[in-house]
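First the structure, in the form of structure tokens, and then the observations on it.
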Amino acid sequence: MSDGDTTQGAKGLEVVTFGCRLNTYESEVMRREASAAGLGELAGGAIIFNTCAVTAEAVRQAKQSIRKARRENPEARIIVTGCAAQTGPQDFVAMDEVDLVLGNEEKLKSHSYRALPDFGVNLFEKARVNDIFSVRETASHMVDAIEGRARAFVQVQNGCDHRCTFCIIPYGRGNSRSVPMGAVVEQVKRLAGNGYAEVVLSGVDMTSYGADLPGAPKLGRLVKAILAQVPDVKRLRLSSIDSIEADDELLDAIATERRLMPHLHLSLQAGDDLTLKRMKRRHLRADSIRFCAEVRKLRPDIVFGADIIAGFPTETEEMFQRSLDIVAECGLTHLHVFPFSPREGTPAARMPQVRREVVKERAARLRAAGETAYRRHLDALAGTSQSILIERDGLGRTEGFTLAAIDAGQPGEIVEAVVTGNDGAQLQAVPLAARAA
């Protein structure tokens, strides 16, 4: 989220969220815990920034937003947390605008917010960031709603045991930890009972789910348990997955469970084998192509998204071309393109870098390929019937996560509709009832 996603809490408490769906879920927990600690009662109010560290640009945007917030709210207490605060706490401690810096574990506990340091304290008291690798479990933080959201997010896993050479996130999130299956099912029941038609399962490395739990249940077993035990949830969606770790039960669920949405966002990162090796990924180009072909046979209406990095260190034009080609070879539709951003402390930051102008040019070409694929996808849906979850007035998402303009329904409601066309950016749809009339 480029500018941060801002939601109001009790009275004077505001939470600004950057980055992933897991951050969105955790921001709801933070809002509850900070409210319980009385932050909303402070005279000048309080603003909590839940940051992202996936790129240097994400960190820059967070700092920019913090400075702006201080200018506009001179009396507010400003707290910074999230992955950027966990991996680089001193960067935020050094900001005069910031009153307190919390780590990713501390941000979820009420007592972390109870004793804000007074103005003028020494810099060491501003930071409460412990070693994230010392955290062994991920607790089930029950929430009743996700403020301002038509769909709900549920954390099933946190952290990552892999060390991709470009990635700083394990240092912000720690090693992989799974939420017990029973706790996940209960959370989904709670949200479905509160009226959420769609629930999104989220995690840092979701397909590693269960390896640390008794019996080592995999993600597919969890998905099937949720669908079997929570009949009230109409749509279950997965956030980003690593295709090389997809288990047989997950593939079976994709093939047979209609309430599991036909949309998978894949952590591909590149389409060239040497680049993948230097990234320390666990799959090859052929693995990605084969996975997409096999899943498409199981679920013909599946829609694929993917993360791809442009301009990874040592990437030649020929190597980049293979990443460009994989957009068509995998049939990708929703592309997230990341111009390579060296993160201090990662092996990739020490590799021979591609010139910035070349990185930007390659990212632009990847985005153009993604836009072409997306428009082709929109055109192919003309005249089809779609179930659209209304997100806000006039806009919603299909089961395949395609944006659709429709003049019907309330946020959180599912409307059956027919696609009448598109404007190149989103579908145009009308409710079936209106079309019949």
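Of the numbered criteria (1) within 19 Å of Ser267 (Cα to Cα); (2) at pLDDT below 90; (3) assigned to a loop (DSSP other than H, G, I, E, B); (4) not aromatic (Phe, Trp, Tyr), the one Thr165 fails is (2).
Whether any residue in region 355-362 is assigned to a loop (DSSP other than H, G, I, E, B) and in contact with a Pro (Cβ under 9 Å, 6 or more places away or on another chain) is what I want to check.
Initial filter on region 355-362 (assigned to a loop (DSSP other than H, G, I, E, B)): 355.
Now drop any that are not in contact with a Pro (Cβ under 9 Å, 6 or more places away or on another chain), which leaves none.
No, the conditions are met nowhere in region 355-362.
Please work out if Glu147 is modelled with pLDDT of 90 or more, open to solvent by 20 Å² or more (accessible area, probe 1.4 Å) and in contact with a strand residue (DSSP E or B) (Cβ under 9 Å, 6 or more places away or on another chain). Answer is no for this residue.
Which one is farthest from Glu198 (Cα to Cα), of the residues in region 371-390 that are assigned to a strand (DSSP E or B) and either touching a residue at least 60 places away in the same chain (Cβ under 8 Å) or open to solvent by less than 40 Å² (accessible area, probe 1.4 Å) (or both)?
Filtering region 371-390 for residues assigned to a strand (DSSP E or B) gives 385-390.
With the extra rule that they be either touching a residue at least 60 places away in the same chain (Cβ under 8 Å) or open to solvent by less than 40 Å² (accessible area, probe 1.4 Å) (or both), the set shrinks to 386-390.
Details: Gln386: 15, Ser387: 12, Ile388: 11, Leu389: 8, Ile390: 11 Å.
In this case the residue turns out to be Gln386.
Taking region 206-234 as the search range and keeping residues that are among the hydroxyl-bearing types (Ser, Thr, Tyr) and in contact with a Leu (Cβ under 8 Å, 6 or more places away or on another chain), which one is surrounded by the most Cβ atoms within 10 Å (Cβ to Cβ)? Full working, then the answer.
Our first condition is that a residue be among the hydroxyl-bearing types (Ser, Thr, Tyr); within region 206-234, this holds for 207-209.
Still in the running and in contact with a Leu (Cβ under 8 Å, 6 or more places away or on another chain): 207, 209.
On the way: Thr207: 21, Tyr209: 29.
Among residues in region 206-234 that are among the hydroxyl-bearing types (Ser, Thr, Tyr) and in contact with a Leu (Cβ under 8 Å, 6 or more places away or on another chain), the one surrounded by the most Cβ atoms within 10 Å (Cβ to Cβ) is Tyr209.
Within 30 Å of Ile254 (Cα to Cα), surrounded by fewer than 20 Cβ atoms within 10 Å (Cβ to Cβ) and either touching a residue at least 60 places away in the same chain (Cβ under 8 Å) or of a type outside the set (S, T, N, Q) (or both) - does that describe any residue in region 348-364? No - not one qualifying residue is present in region 348-364. State which residue is least open to solvent (accessible area, probe 1.4 Å) when the search covers only region 328-347 and only residues that are within 23 Å of the chain's Cα centre (by Cα) and of a type in the set (D, E, K, R). Applying the filter and picking the extreme gives Arg343.
For region 391-402, filtering for residues that are closer than 15 Å to Ile302 by Cβ and open to solvent by 40 Å² or more (accessible area, probe 1.4 Å) leaves 1.
Within region 408-429, the set of residues being open to solvent by less than 60 Å² (accessible area, probe 1.4 Å) and among the β-branched types (Val, Ile, Thr) comprises Ile414, Val415, Val418, Val419.
With respect to the conditions (1) open to solvent by 60 Å² or more (accessible area, probe 1.4 Å); (2) closer than 25 Å to Ala306 by Cα; (3) of a type in the set (A, V, I, L, M, F, W, C), Ala433 lacks only one, and its number is (2).
Would you kindly identify the strands (runs of 3 or more DSSP E) lying entirely within region 391-432 that contain at least 2 residues that are of a type in the set (Gly, Ala, Ser) and in contact (Cβ under 8 Å) with a residue 12 or more places away in the chain?
Numbers: elements: 395-397, 403-406, 414-422, 427-431.
Answer list for region 391-432: 403-406, 414-422.
Identify, please: which residue in region 18-51 is among the aliphatic types (A, V, I, L, M) and closer than 17 Å to Asn104 by Cα and is, among those, surrounded by the fewest Cβ atoms within 10 Å (Cβ to Cβ)?
Taking region 18-51 as the starting set, the residues that turn out to be among the aliphatic types (A, V, I, L, M) are 22, 29-30, 34, 36-37, 39, 42-43, 46-48.
Add one more test, that the residue is closer than 17 Å to Asn104 by Cα, and what stays is 22, 29-30, 34, 47-48.
On the way: Leu22: 23, Val29: 17, Met30: 29, Ala34: 23, Ile47: 24, Ile48: 25.
By that ranking, first place goes to Val29.
Just one residue in the set Val59, Val54, Val80 is surrounded by fewer than 24 Cβ atoms within 10 Å (Cβ to Cβ) and among the β-branched types (Val, Ile, Thr); that residue is Val54.
Of all the listed residues (Asp325, Asp307, Asp287), the sole one being touching a residue at least 40 places away in the same chain (Cβ under 8 Å) and open to solvent by 40 Å² or more (accessible area, probe 1.4 Å) is Asp325. Among the residues of region 178-205, those identified as open to solvent by 10 Å² or more (accessible area, probe 1.4 Å) and outside any loop (DSSP other than H, G, I, E, B) are Met181, Gly182, Ala183, Glu186, Lys189, Arg190, Ala192, Gly193.
Yes or no: Gly103 at pLDDT 80 or above, out of contact with any Pro (no Cβ under 9 Å at 6 or more places or on another chain) and of a type outside the set (Val, Ile, Thr)? It is false that Gly103 is at pLDDT 80 or above, out of contact with any Pro (no Cβ under 9 Å at 6 or more places or on another chain) and of a type outside the set (Val, Ile, Thr).
Mind counting the residues in region 310-322 that are surrounded by fewer than 22 Cβ atoms within 10 Å (Cβ to Cβ) and not aliphatic (A, V, I, L, M)? Steps first, please.
As a first pass, look at region 310-322 and keep what is surrounded by fewer than 22 Cβ atoms within 10 Å (Cβ to Cβ): 313-314, 316-319, 321-322.
Now narrow it down to the ones that are not aliphatic (A, V, I, L, M): 313-314, 316-318, 321-322.
Of the residues in that region, 7 qualify.
Among the residues of region 238-276, the one identified as outside any loop (DSSP other than H, G, I, E, B), open to solvent by 10 Å² or more (accessible area, probe 1.4 Å) and without any contact (Cβ under 8 Å) to a residue 12 or more places away in the chain is Thr256. Looking across region 33-60, the residues that are within 17 Å of Asn23 (Cβ to Cβ) and small (Gly, Ala, Ser) come down to Ala34, Ala53, Ala58.
The values are calculated or read from the model by the stated rules, or taken from the named source; none is laboratory data. These numbers were taken from a predicted model, which means no experiment stands behind them. When we count neighbours, we look across all protein chains shown, and the Cβ atoms used for this are built from the backbone with ideal geometry, even at glycine. When the accessible area is computed, the model is the full protein with side chains, heavy atoms only, and any ligands, DNA or RNA have been set aside. Shrake-Rupley method; radii C 1.70, N 1.55, O 1.52, S 1.80 Å.
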